[in-house]
1. If we count other beta carbons within 10 Å of each Cβ, what is the order of TYR95, TYR102, TYR12, fewest first?
2. Residues with beta-carbon under 11 Å from that of ASN43, excluding ASN43: net charge, scoring Lys, Arg +1 and Asp, Glu -1?
3. Can you run phi through the Karplus equation (6.51, -1.76, 1.60; θ = phi - 60°) for region 62-72 and list ³J(HN,Hα) in whole Hz, with x for Gly and Pro?
4. To two decimal places, what compactness ratio does the chain give when its Cα radius of gyration is scaled by 2.2 N^0.38 Å?
5. Please work out the C-alpha center-to-center distance from region 88-135 to region 1-71 and express it in whole Å.
6. Considering amide H positions built from the backbone, and no H for Pro or chain starts, which residues 5 or more places from LEU40, or on another chain, come under 5 Å of its amide H?
7. Can you sort VAL78, VAL133, VAL45 so the residue with the fewest Cβ neighbours within 10 Å comes first?
8. Of the candidates ALA62, ALA23, ALA109, which one comes out as most mobile in a Gaussian network treatment of the chain with C-alpha springs shorter than 10 Å?
Amino acid sequence: MKPIIADTSGLYAAVDRNDLHHARAAAFLRNLHAQGQTLLVSNHVFDEIMTLAKIRLGLPVALQLGIRLRSSRLVELVIFGPEDEALTWQLFSRYRDKDWSYTDCACLALSQRRQARQAFSFDHHFQQMGLEVLP
């Protein structure tokens with residue numbers, strides 16, 4: 001099975017019980033766990049989800065989420081090197097007609113490098129990128 005790219009919107013929905021997509025995100029992660037599928041979390045997404053969780057849900061929730069992501073056997077934390085950063089910058093610079101964030105472009109770079117065609121996301125930008133959005 002090919003790995004699935006994790007986006008901040010998917011991870012946030014899973015942790016915030018008040019999020020509109022929480023039930024779908026939680027069910028998706030339970031199913032992912034049952035299948036033994038790998039979720040790729042870039043350092044860009046990790047940074048973004050930690051910051052968002054801390055601001056919206058408080059430091060204890062952010063720390064618990066960080067511990068869970070860092071210790072999960074189903075999550076592969078991917079630290080970008082110079083080549084990954086160069087590709088991210090190239091994508092960010094190329095798609096001037098899109099409202100993609102730098103982190104979105106980092107996810108696209110990771111999907112290209114790892115040949116992952118699916119993203120755990122509730123962000124329409126990933127469909128624009130040609131990725132299959134899950135759930």
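Only the coordinates and a few stated rules stand behind these numbers; no lab work does. Please read these numbers as outputs of a predicted model, since none were measured by experiment. Cβ sites come from the backbone with ideal geometry, for glycine too, and all protein chains shown count toward neighbours.
1. TYR102, TYR95, TYR12
2. Its environment carries a net charge of -4.
3. 4, 5, 4, 4, x, 4, 5, 5, 6, 10, 6
4. 0.99
5. If we compute the Cα centre of each part, the gap is 17 Å.
6. ILE4, ILE5, ALA6, GLU76
7. Ranking VAL78, VAL133, VAL45 by Cβ neighbours within 10 Å, fewest first, gives VAL133, VAL78, VAL45.
8. Most flexible of the set in this elastic network: ALA23.
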